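Please see the structure below; I have some questions.
Nothing in this text is a laboratory measurement; each read-out follows from the coordinates by a stated rule. All values derive from a computational prediction rather than experimental measurement. Note: ideal-geometry Cβ built from the backbone for every residue, glycine included; neighbour counts use all protein chains shown.
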Amino acid sequence: MDMTGGEALARSLVANGVSQIFGIPGVQLDHAADALYHASDDIAFTCVRNEQAATYMADGYARSTGRPGVAMVVPGPGMLNGLAGLATAYACSSPMLYLSGQIDSAAIGRGLGALHEIPDQSGILRTLTKWNGFAARPGDIPGLVHRAFAEMRSGRPRPVALEIPPDVLAARADVRIPDAAEAAPVVPDHKLIDGVAELLRGSRRPLIYAGGGVIAAGASEELRELAEILQSPVVVSENGRGAISARHPLAFDALAFRRLREDADVVLAVGTRFVTAFSSQVNTAGARLVLINAEAADLGEPRTPDLAVHGDARLALAALAEELRGVQRESRTAEFAAAREWLEEQYADIEPQRAYLRAIRAALPDDGVLVSELTQVGYAANACYPTYQPRTYLTPGYQGTLGYGFATALGVKAADPGRPVVSITGDGGFSWTLQELSTAKKYGLATVTVVFHDGFFGNVRRIQRNRFGARYFASDLVNPDYAKLADAFGVAAARANGPEELETVLKEALAAGEPVLVEAPVGEFPGPWHLIHEGVPRPVPQEQS
């Protein structure tokens, strides 16, 4: 069919099941925007107020659904501004297509000062994506879109990028649109699966460590079945929360690994990088280690596994369960009860934060999504927020992207408007994307956003006090009146003084069916880092220091 490059792009996206794009139009995207106008029955376009929000929203869309999220921006400053969200998606193995405009084909690489020109835009995108493509002709576009979706649907999911110059979007050609790219998970080697099954069959106290790869592969049922066959506790990583319901008797927070490993003889780590924040292998206390991962690079150094399986988590766990059905195991109830009692003793150190987390959990239904931020309550949530279903707890992962939470939550809501969504953020992080209150209002994205307000970059201030003799530097904030801010955008506002009020306010806000901004004034919280990162000393209470 004869069509423009912009039409080829729109039709290729529709062919691959895209129904939502987040972005900002601009002159280099004019022909793509016009094609999307004509395709509006199939693809909704959410126009954000900042390119960071476009990539954050695409990431939230992708991680809460498992379907690729799509962001579209102009080249140069627009592309650069969206990189924070792209980096977050890369860190969290999120399938995102980053559509970036370019300058006219004839001007690329010549340094002539074309609007939005930057040196080697493709090279920049290449560093933060699994794959990136460049369309030189309209006829290239369908094949490149197909390849982009094939990459996102195979192996480890990660962002991909596609650049299309404006002259290519405007040009016409006879174009064929291929069918949707199919998923191609990494099939594990059956001999290696046999070896893992034999090791687990002979173990007495196996321990499973589940990461975000379990959720990405849709492997929760396979994980649960294998754990029940082995009567193995399942420890979930930060990005693995929800891989198994926190209500399951075999489910444990990551902190429990420090206790459970002491008696474990085999650790099976699935869909996780299995390294600490200090870039060393997680300590297994002498237990034999098995790694299963769709990313081959995450099976090697600094890890030293006894067995390593390159493969999709769902396929590998299903194969192991098939091999091990009928295995008999003694009850480990007493061991698990002791571990839970130990956990509660540790969590007493962050009881103020836990009270807020209990309030949030009580207000959100099981399928409701909590988007956690780099705020004091968010740090605690990474350690102990109870999660009952996959894709209901999102964090920025190791990227630690301050300010990502609010916009990411809007993407979650856009993906499923009927699903309850709560974003928690600090007064520092919220300022990065607070202008997206406009987006929430315009598109009726009924997220509930809780801003924990203490007037500081709280973690920075604690470090300056404890490590630098209270030499405070650039850690205090001047904040808006949040009720007036919300009102200026036509958004409802509320205030919650303490956890009990927060639970009530959240329940009312979630029932309102509209965007709500909740201010929660707080004081200083105790540091949670000794619970999150092994090796960090337990802090001395401030009144004793």
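Using only the alpha carbons of the stretch 1-65, what is the convex hull's orientation-averaged projected area in square nanometres? Write out the running numbers ahead of the final one.
On the way: hull surface 18.8 nm².
Approximately 4.7 nm², given one-decimal rounding.
For the stretch 240-302 and the stretch 19-65, what is the separation of their C-alpha centers, rounded to whole Å?
Using only Cα atoms to place each centre, the spacing works out to 37 Å.
Here's another thing I want to ask about it. Shape verdict for the stretch 92-225, please, from the Cα gyration tensor: rounded (a/c under 1.5), prolate (a/b greater than b/c) or oblate. List each step's numbers first, then the result.
Values: a/c = 3.93, a/b = 2.48, b/c = 1.58.
Since a/c reaches 1.5 and a/b is larger than b/c, the shape of the stretch 92-225 is classed as prolate.
A further question on this structure: By how many nm would the segment from Lys441 to Asp30 grow when fully extended, if each residue of separation counts as 0.36 nm and the alpha-carbon distance is taken off? Each step should come with its number before you reach the end.
Numbers: separation 411, 0.36 × 411 = 147.96 nm, distance 2.54 nm.
Full extension from Lys441 to Asp30 adds 145.4 nm.
Out of every Cα pair in the chain, what percent are spaced more than 33 Å from each other?
On the way: 65591 of 148240 pairs.
So the pairs more than 33 Å apart make up 44 percent of the total in the chain.
Kirkwood Rh over Cα pairs of the stretch 36-125 into Stokes-Einstein at 37 °C, 0.692 mPa s: D in µm²/s? Mind dumping the intermediate values first?
Details: Rh = 14.0 Å.
Answer from the Stokes-Einstein relation: 235 µm²/s.
Separation between the Glu501 and Ser105 pseudo-spin-labels, each 7 Å from Cα along Cα→Cβ, expressed in nm?
Each label point lies 7 Å from its Cα, and together they span 6.2 nm.
When you count, for each residue, the other Cβ atoms within 10 Å and take the mean per peptide, how do 351-359, 287-295 rank with the highest first? Let's see the in-between values first.
Working: 351-359: 20.0, 287-295: 23.3.
Final packing ranking: 287-295, 351-359.
Evaluate E = 1/(1 + (r/R0)^6) for Arg325 and Arg126, where r is the Cβ-Cβ distance and R0 equals 45 Å; express this FRET efficiency to the nearest 0.05. Could you put the intermediate results ahead of the total?
Values: r = 45 Å, r/R0 = 1.00.
According to the calculation, E is roughly 0.50.
Classify the stretch 190-330 from the C-alpha gyration tensor, please: rounded if a/c falls under 1.5, else prolate or oblate depending on whether a/b exceeds b/c.
Here the stretch 190-330 falls in the rounded category.
Simple spin-label model, 7 Å along Cα-to-Cβ: Val478 to Val460 in nm?
About 1.6 nm separates the two model spin labels.
Given N residues in the stretch 349-448, what is its alpha carbon radius of gyration divided by 2.2 N^0.38 Å? Write out the running numbers ahead of the final one.
Working: Rg = 12.9 Å, N = 100, 2.2 N^0.38 = 12.7 Å.
Against the empirical 2.2 N^0.38 Å value, I get 1.02 for the stretch 349-448.
Continuing with this model, one more query. Using alpha carbon coordinates only, what is the Rg to Rh ratio of the stretch 440-494, with Rh defined as the Kirkwood radius? Display every interim value, and only then the final one.
Numbers: Rg = 15.9 Å, Rh = 13.5 Å.
Dividing the radius of gyration by the Kirkwood radius yields 1.17.
Over the chain, what is the relative contact order in percent, taking alpha-carbon pairs closer than 8 angstrom and at least six residues apart? List each step's numbers first, then the result.
Working: 1211 pairs, mean separation 71.7, N = 545.
Relative CO of the chain lands at 13 percent.
So how far apart, in nm, are the two label points at Ala511 and Glu198 if each is 7 Å from Cα heading toward Cβ?
Those two pseudo-labels are separated by 6.1 nm.
Still on this model: Efficiency by 1/(1 + (r/R0)^6): what FRET value for Ala180 and Asp367, r their Cβ-Cβ distance, R0 = 22 Å, to the nearest 0.05? Before the final figure, lay out each step's value.
Working: r = 27 Å, r/R0 = 1.22.
After rounding to 0.05, the efficiency reads 0.25.
Let me check the size of the stretch 294-383 from its C-alpha atoms; what are the radius of gyration and Dmax in Å?
Using the Cα atoms of the stretch 294-383, the pair Rg, Dmax is 19.1, 46 Å.
Explain nothing, just the number: relative contact order of the stretch 48-113, from Cα pairs under 8 Å at least 6 residues apart, as a whole percent.
Working: 90 pairs, mean separation 24.4, N = 66.
About 37 percent, as a whole number.
Another one. If you look at just the Cα atoms of the stretch 344-544, how large are its Rg and its Dmax in Å?
16.4, 51
I need the peptides 390-396, 458-464 ranked by packing, meaning the mean over residues of other C-beta atoms within 10 angstrom, with the highest value on top.
390-396, 458-464
I'd like to compare 309-315, 408-414, 522-528: which one has the highest average count of other Cβ atoms within 10 Å, and what's the full order after that? Present the calculation step by step, with values, prior to reporting the outcome.
Numbers: 309-315: 24.6, 408-414: 30.6, 522-528: 18.1.
Result, highest mean Cβ count within 10 Å first: 408-414, 309-315, 522-528.
Taking the Cβ of Ala216 as the centre, find all other residues whose Cβ is under 15 Å away and add up their charges (Lys, Arg: +1; Asp, Glu: -1). Numbers along the way, then the final one.
On the way: positive: Arg63, Arg67, Lys130, Arg153, Arg156, Arg158, Arg241, Arg273, Arg314, Arg391; negative: Asp59, Glu151, Glu221, Glu222, Glu238, Glu295, Asp298, Asp312.
Here the count lands on +2.
Given contacts defined as C-alpha pairs under 8 Å and at least six residues apart, what's the relative contact order of the stretch 226-282, whole-number percent?
Values: 39 pairs, mean separation 14.2, N = 57.
Value for the stretch 226-282: 25 percent.
Where the centroid of each part is defined by its Cα atoms, how far is the stretch 392-430 from the stretch 484-510 in Å?
A separation of 17 Å, based on Cα centres.
What per residue convex hull volume, in Å³, comes out for the stretch 2-174 when only alpha-carbon positions are used? The partial results should precede the final answer.
Values: hull volume 16.2 nm³, N = 173.
Cα convex hull per residue, to the nearest whole number: 93 Å³.
Order these by the 10 Å Cβ neighbour count, fewest first: His248, His31, His116. Working shown, then result.
Details: His248 15, His31 22, His116 18.
With the fewest neighbours first, His248, His31, His116 line up as His248, His116, His31.
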